[in-house]
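The values are calculated or read from the model by the stated rules, or taken from the named source; none is laboratory data. These figures come from a predicted structure and were not determined experimentally. Neighbour counts run over all protein chains shown; Cβ positions are idealised from the backbone, glycine included. Accessible surface is based on the protein model in full, side chains and every heavy atom, while ligands, DNA and RNA are left aside. Shrake-Rupley method; radii C 1.70, N 1.55, O 1.52, S 1.80 Å.
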Amino acid sequence: MKKLLKTVFVAVVLLPIISGCANYIKDYEASEDRVIRTPIGSKHDIVFKPSVPVDSEFTAVAITVNKQKVKKYQVFIKGRVETPYKWWREFYEFPCGLVLVPVSLCSHIISVFTFGVYPFSFSTHITDLAYSGLNPALNWESESRSVRTAVESKEKLVDEQEEDKVIPIANAVITLKSGERNWKLPGDKFGEAKVKLISLKADESVFTGDRELVFSIVGEKDMSRNLLLTREFASKLLRARATIQRYQFGGPSGKKLVQAVKQLEGMKFTRLAYQLEKQELMKHKNNTRFMNEFNSVSME
């Protein structure tokens, strides 16, 4: 007899709790965009900022280009909204269900005798709470903790294309060949290396008169990127170099400094002109004659 009671207890009480099911609320339909990227290959390259040099200094950037195929889908989904089952909630839902049964009965009687002034929808809701509370395999319906369960989904391809994802090569060393000379330009964490075509220091200037500059990344034998300067721009670089050298070899002079700065600005090398002016003013700030001459000519 005791075994029979245990079996009945397990079948009636424990099994529903263990195998409880979600409480269905409603169906839903939705659509969403889905993007799938498939890698195709990768390569190393060098790009320039700006793409065409217009100043005495520009930036070369070492990058990795990851080519990938991108497919864009519109996904149509059908599913249901449910309240998931938690067995421990039965410890308070079941007693509440017992209390709500007579409340539900009284509620329906009031709705009938008030001819619907007390809404039947209220009575029905109380009844649902009562019987779902008494059901050990079902929790109360709750929008706040509901979950969406997809039952069916269909994909529609709306776009397909190839795309390049560019990643800078941190601390890459870029090799530059100009004429018969070679330079190694260290890059920063963004893969950027400064290229000084013309500098106030002759050993930092990479422009040798050859209009073709050949760039490569150290460690990448099969990779190179050529940059061809226009003849007009190359001529400006030569004139800028001559202007700087003429001033430097002529000795300190405030008047000649102003003239050199204006000539460089006339060639659109504003940064180089400012660097020359700042350097010379710092160097000769205690030279009264130099500063007076510079200030006098600057006012003209």
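Checking every residue in the range 170-180 against the condition of being over 30 Å from residue 58 (Cβ atoms), basic (Lys, Arg) and in contact with a strand residue (DSSP E or B) (Cβ under 7 Å, 6 or more places away or on another chain) gives zero matches.
Residue 22 fails exactly one of the following numbered conditions: (1) out of contact with any Pro (no Cβ under 6 Å at 6 or more places or on another chain); (2) open to solvent by 30 Å² or more (accessible area, probe 1.4 Å). What is the number of that condition? The one condition residue 22 does not meet is (1). Consider the range 256-300 and keep the residues that are over 20 Å from residue 195 (Cα atoms) and among the small types (Gly, Ala, Ser). The one that is least open to solvent (accessible area, probe 1.4 Å) is 260. Set side by side, the residues 164, 188 differ, and just one is open to solvent by less than 70 Å² (accessible area, probe 1.4 Å) and modelled with pLDDT of 90 or more, which is 188. In contact with a Lys or Arg (Cβ under 7 Å, 6 or more places away or on another chain), at negative phi and either among the charged types (D, E, K, R) or surrounded by fewer than 19 Cβ atoms within 10 Å (Cβ to Cβ) (or both): does that describe residue 250? It is true that residue 250 is in contact with a Lys or Arg (Cβ under 7 Å, 6 or more places away or on another chain), at negative phi and either among the charged types (D, E, K, R) or surrounded by fewer than 19 Cβ atoms within 10 Å (Cβ to Cβ) (or both). Among the residues of the range 84-114, the one identified as β-branched (Val, Ile, Thr) and open to solvent by 90 Å² or more (accessible area, probe 1.4 Å) is 99.
When 222, 159, 203, 164 are checked against the criterion of being among the acidic types (Asp, Glu) and part of a loop (DSSP other than H, G, I, E, B), a single residue qualifies: 222.
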